[in-house]
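Colleague: A single structure is presented below for examination.
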Amino acid sequence: EYLKKRGMSGEIAKEFGVGYAPGNWQNLQEAFPDYNAKSLVAAGLVIQSDEGKRYDRFRDRVMFPIVDQRGNVIGFGGRVLDKGEPKYLNSPETPLFHKGHNLYNGAAARQAVHDGAPLIVVEGYVDVIAMVTAGYPATVAPLGTALTEDQLGLLWKMAEIGRAHV
């Protein structure tokens, strides 16, 4: 219902890999037979308390996969459906995911710029999806509240690709 209100069809949600993390504390236990694996904590999917109790980081959220320049999922962004804090929650910094070094939709936008589309920067995940749906495939968003120097570098490289093909 939230996605429909934001103008996102099921087809578009599937294209972007948008999903949902149920509200239970250990849903990932069904997907990962070894829920106690250190790799789940290292990947930022599971949190382990000081007492050793484990629980899923993302609960009752619309989930947006974040991919690297090669199209590999390296993290997630989750938006709470109702009231709750934080409204948006990204994967923590991990060996694979560095929020300030990536852009949402960066890989697809890079290709679109290469193909001649104008590069557009917006605020968030749903904004990117709305712009792509409206015909602007080279739309990206920073992964947080501030645009970093590394993200500006990525944008500059994309813009250079676009100028090379004008």
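Colleague: Would any residue of region 78-111 have its amide N under 19 Å from a label point 7 Å out along Cα→Cβ of S49? List them or say none.
Modeller: 85-86
Colleague: Take the alpha-carbon centre of region 9-56, take the same for region 59-118, and report the distance between them in whole Å.
Modeller: 16
Colleague: Then there is this: In Å and on Cα atoms, what radius of gyration and Dmax does region 81-154 show?
Modeller: Reported Rg and Dmax, both Å: 13.1, 41.
Colleague: Right, next: What length, rounded to one decimal in nm, is gained on full extension from E149 through to E123, with 0.36 nm per residue of separation minus their alpha-carbon distance?
Modeller: Stretched out fully, the E149 to E123 stretch lengthens by 7.7 nm.
Colleague: If the chain between T94 and H114 were fully stretched, how many nm would it gain, using 0.36 nm times the residue separation less the Cα-Cα distance?
Modeller: Working: separation 20, 0.36 × 20 = 7.20 nm, distance 2.96 nm.
Result for the pair: 4.2 nm of gain on full extension.
Colleague: For region 44-95, what log10 I(q)/I(0) values come out of the Debye formula at q = 0.25, 0.29 1/Å, with one point per alpha carbon and no solvent?
Modeller: Rounded to two decimals, the profile gives -1.01, -1.13.
Colleague: How much of the accessible area of the chain, in percent, comes from carbon and sulfur atoms when a 1.4 Å probe is used? Intermediate values should be presented prior to the final figure.
Modeller: Working: 5340 of 9900 Å².
Taking all protein chains in place, the chain shows 54 percent carbon and sulfur surface.
Colleague: Could you pull the accessible area for V80 with a 1.4 Å probe, rounded to 10 Å²?
Modeller: For V80, solvent-accessible area is about 20 Å².
Colleague: Please sort through the DSSP H helices of the chain and keep those with an alpha-carbon extent of at least 27 Å along the long axis and a Kyte-Doolittle average not below 1.6.
Modeller: Working: long enough: none.
Sorted by number, there is nothing, because no helix extends far enough and scores high enough.
Colleague: Turning to a different aspect of this structure: Over the chain, give the accessible area per residue in Å² for a 1.4 Å probe, as an integer.
Modeller: Numbers: 9900 Å² over 166 residues.
Per-residue value: 60 Å².
Colleague: Could you tell me the ratio Rg/Rh of the chain? Both radii from Cα atoms, Rh via Kirkwood.
Modeller: Result: Rg/Rh = 1.00.
Colleague: Could you sort F76, F64 by their accessible area in this structure, using a 1.4 Å probe and putting the largest first?
Modeller: Details: F76 60, F64 0 Å².
Result of the area sort, largest leading: F76, F64.
The values are calculated or read from the model by the stated rules, or taken from the named source; none is laboratory data. No experiment lies behind these values; they were computed from the predicted model shown. Glycine also receives a Cβ, built like all others from the backbone with ideal geometry; neighbour counts cover every protein chain displayed. Ligands, DNA and RNA are stripped out before the accessible areas are found, and what is left, the full protein with its side chains, is counted by its heavy atoms. Shrake-Rupley method; radii C 1.70, N 1.55, O 1.52, S 1.80 Å.
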